[in-house]
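Engineer: Quick one: the structure is below, questions incoming.
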Amino acid sequence: MKWEKPDWRAELASTNTTLASIAKIPERAKDGYILAAHSQTHGKGRLGRNWCSQPGLDLTFSFLLKGAITFRHLASLPMAVSLAVAETLQDYGITANTKWPNDLLVVEHKICGILAERITQDSIVVGVGLNVNMDLESAKLISRPATSIFIETGINYDVEHVLDKLLFNMSIWVDRWRADGFSSVKDPWINRCLHMGKIVSVGESKEKEGEVVGLGDVGQLLIRQSTGEVLEVWAGDLNQTTFNS
């Protein structure tokens, strides 16, 4: 995977939204285009949520992939990106776990979120938010448990340098994903999965409760209900309800 030189902006509302507009301009929409912001005022998360980041302290960027990508193939792209982020965090001495469908956690505290959006038939924008220098007091203001590289290591890092390290790992994982799809990420993603074998609920429906038993052929979550039936889940928030004895 060959990346364009990152296009760093002082401030953007959302790197995903801005890059989505760029993706519709043929002469600018290059495969591997990277758009990053030192300050993101209205970052996008899943399910219409906002992504909270601190100006100048955390890493917020989006990248563009070109090419015909089916919905089934697209489902596992955030998994490939999450593995690249996890390997980068390992370089800082941090062990991160994957959370279906597209988060990374450190001891059940969120450190990274990923959002993939199809913009045109052959354009995909992927946004990544990584907590780099967020301090503990700021993390406590977030509605769900959060952490950062700084909180875990006690060291501040230059966000541009973190992005450079991440892009090196991401080029490897995106190339694997482009070549072999979900099969290239399934085992390493499961090996890092925090909730495999645990009892979870997904969304608000009690029908989507059960033990996580694996992933389907393109990355959908498989949970075994109390009746023994295995249910495929394609979207929704996952929450652990109890630990198995």
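Engineer: Within the accessible area of region 58-116, what % is carbon and sulfur when the probe is 1.4 Å and the other protein chains stay in place? Working shown, then result.
Structural biologist: Values: 950 of 1710 Å².
It is 56 percent, rounded to a whole number.
Engineer: Can you tell me the mean projection area, over all orientations, of the convex hull of the chain's alpha carbons? Units nm², please. Intermediate results must be reported in sequence, preceding the final value.
Structural biologist: Numbers: hull surface 52.1 nm².
With the hull built on Cα positions only, its mean projection is 13.0 nm².
Engineer: Still on this structure, please answer the following. Work out how much length THR153 to LYS66 would gain on full extension: take 0.36 nm times their residue separation and subtract the Cα-Cα distance, in nm to one decimal.
Structural biologist: Working: separation 87, 0.36 × 87 = 31.32 nm, distance 3.63 nm.
Using 0.36 nm per residue and subtracting the Cα-Cα distance, I get 27.7 nm.
Engineer: Helix check for the chain. Which DSSP H runs span at least 30 Å along their own axis by Cα, with a mean Kyte-Doolittle hydropathy no less than -0.5?
Structural biologist: Passing helices, by number: 159-180.
Engineer: Sort TRP3, TRP177, TRP234 by heavy-atom solvent-accessible area, probe 1.4 angstrom, most to least.
Structural biologist: TRP234, TRP3, TRP177
Engineer: Shifting gears a bit: Taking θ = phi - 60°, what integer Hz values does the Karplus form 6.51 cos²θ - 1.76 cosθ + 1.60 yield along region 107-121, in sequence order, with x for Gly and Pro?
Structural biologist: The phi angles translate into 6, 6, 10, 6, 10, 8, x, 9, 9, 9, 9, 7, 9, 10, 4 Hz.
Engineer: Leaving ligands and nucleic acids out of the surface, order TYR157, TYR92 by accessible area at 1.4 Å, largest first. Numbers along the way, then the final one.
Structural biologist: Values: TYR157 55, TYR92 30 Å².
So the residues, ranked largest to smallest area, are TYR157, TYR92.
Engineer: Sticking with this one: Once amide H atoms are built 1.01 Å from N in the peptide plane, which residues 5 or more positions from ILE34, or in another chain, come under 5 Å H to H?
Structural biologist: So ILE34 has HN proximity to GLU4, ASP7.
Engineer: Rank-order 64-72, 109-117, 126-134 by packing density, defined as the average count of other C-beta atoms within 10 Å over each peptide's residues, highest first.
Structural biologist: Most protected by this proxy first, the peptides run 126-134, 109-117, 64-72.
Engineer: Okay, next question. Take the Cα of TRP8, step 7 Å along the line toward its Cβ, and report every residue of region 131-150 whose backbone nitrogen sits under 15 Å from that point.
Structural biologist: Taking a point 7 Å out along Cα→Cβ of TRP8, the residues of region 131-150 whose backbone N falls under 15 Å are 133.
Engineer: Moving on to the next point. If r is the Cβ-Cβ distance from GLN240 to SER171 and R0 is 45 Å, what FRET efficiency results, to the nearest 0.05?
Structural biologist: 0.85
Engineer: Counting only protein heavy atoms, what percent of the accessible surface of region 127-245 is carbon or sulfur at a 1.4 Å probe? Please list the in-between numbers first.
Structural biologist: Details: 3030 of 6130 Å².
The computed percentage sits at 49.
Engineer: Residue-wise, which Karplus ³J(HN,Hα) couplings in Hz belong to region 189-201, taking 6.51 cos²θ - 1.76 cosθ + 1.60, θ = phi - 60°, and x for glycine or proline?
Structural biologist: In residue order, the calculated couplings are 5, 4, 4, 9, 5, 6, 10, 4, x, 9, 8, 9, 10 Hz.
Engineer: Give the accessible surface of the chain per residue, rounded to a whole number of Å², with probe radius 1.4 Å and ligands, DNA and RNA excluded.
Structural biologist: I get 47 Å² per residue for the chain.
Engineer: GNM on the chain, C-alpha springs below 10 Å: top fluctuator among LYS165, LYS186, LYS24?
Structural biologist: Of the options given, LYS24 has the highest mean-square fluctuation.
Engineer: So the label point goes 7 Å from the Cα of ALA179 along Cα→C-beta, right? Which residues of region 1-22 then have their backbone N under 19 Å from it?
Structural biologist: Within reach of a label on ALA179: 1-3.
Engineer: Rounded if a/c is under 1.5, else prolate if a/b is larger than b/c, else oblate: which is region 1-42, with a ≥ b ≥ c the root eigenvalues of its Cα gyration tensor?
Structural biologist: oblate
Engineer: Measuring from label point to label point, each 7 Å out along Cα→Cβ, what is the THR120 to GLU160 span in nm?
Structural biologist: 3.0
The values are calculated or read from the model by the stated rules, or taken from the named source; none is laboratory data. Model, not experiment: these values are computed from the prediction. Don't worry about glycine lacking a Cβ; one is built from the backbone with ideal geometry, like all the others, and counts go over all protein chains shown. Areas reflect the complete protein model, heavy atoms only, side chains present, ligands, DNA and RNA absent. Shrake-Rupley method; radii C 1.70, N 1.55, O 1.52, S 1.80 Å.
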